[in-house]
Amino acid sequence: MRSNWWKVLYRHPTNVFFAGVLWGALFVAIGLYETRYVTHGLLVLGHVPSWIGLACVLFFAIVFVAGIVFLLTARFFAAFCYLATGCMRYVPLYALEWLKGDRFTFTSGPHSEIADIYVRRQSEFTSQADLGPRLVALNNQCNLPYDCQCWIALDPGHTSGVEQDIGGWHRPRASLVASDNWAEPFAIIDVKRLDADTYSVLSCYGAWNSWGNPL
């Protein structure tokens, strides 16, 4: 049975695309079942059994290696099919995180909640404009993972350099949030501009990504 399946993929390399889609769909289906009780999509992949993640990555790795073999043997069309499928290895992982609303990988939700808080309390923030650049702690009102926090950065004089930190998860650069210690709450940050003088800031202890790998 196994040899027949391999022959189908070997003789008709376009079928590897369908095999990749089916394998990815199986991973997502199992992942959704295993994370059915996970709320806010917090660190979804940490709740998925390691064996299914390993099996998914291993399948695409084998396909990618097979693509290299085909390339070396001048079977260019087969190589293209296999290499393209092998490059899809992270698609099921991101798909699962997206379906579960993982708020670490996809930060638009937390930033939107911070923006709502800012709109409701805007008069409070603007009345303190003469205090200079500062951070206002919102604790975890934007529903991030347990070791992450939400902030509003106020920089009316544009002196803190927080503009250079606008973007996805990264090590901080601006003096307002800079930290050289992984144990500090600003080990990594994700920053979005709210208006000309105000920024939405997400911060976490430890420079890791949603798969537990260091940034």
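No lab work stands behind these numbers, since they all come straight from the coordinates. Remember, it's a predicted structure, so these values are computed and weren't measured experimentally. Methodologically, a virtual Cβ is constructed for each residue, glycine included, from the backbone with ideal geometry; neighbour enumeration extends over all protein chains shown.
Assorted remarks:
- Taking Cα centre as origin and charging only the Cβ of basic (Lys, Arg, +1) and acidic (Asp, Glu, -1) residues, the dipole magnitude of the stretch 108-204 rounds to 60 debye.
- In loop segments of the stretch 113-151 as defined by DSSP, the chymotrypsin sites (Phe, Trp or Tyr not before Pro) with at most 16 further C-beta atoms inside 10 Å of their C-beta are Tyr146.
- Order of Asp195, Asp165 - criterion: other Cβ atoms within 10 Å of each residue's Cβ, fewest first: Asp195, Asp165
- Hydrodynamic radius by Kirkwood, which averages 1/r over all alpha carbon pairs of the stretch 108-204, in angstrom: 13.2
- Likely footprinting exposure, Lys100, Lys192, fewest C-beta neighbours within 10 Å first: Lys192, Lys100
- In terms of its alpha-carbon gyration tensor, the stretch 62-166 comes out prolate; a/c meets the 1.5 threshold, and the first ratio a/b outweighs b/c.
- Length added when fully stretched, Arg171-Arg120, from 0.36 nm per residue minus Cα-Cα: 15.4 nm
- Of all DSSP-defined beta bridges confined to the stretch 108-204, some 95% are antiparallel rather than parallel.
- For the stretch 154-178, the residues whose backbone nitrogen is under 15 Å from a point 7 Å from the Cα of Ala196, taken along Cα to Cβ, are 155-159.
- Residues Val119, Val48, Val38, ranked from the fewest to the most other C-beta atoms within 10 Å, line up as Val119, Val38, Val48.
- Most positive-pole-ward Cα, Ser112, Leu131, Thr73, against dipole of the stretch 52-140 from beta carbon charges: Thr73
- Inter-probe distance in nm under a simple model that places probes 7 Å from Cα toward Cβ, at Phe106 and Arg75: 3.8
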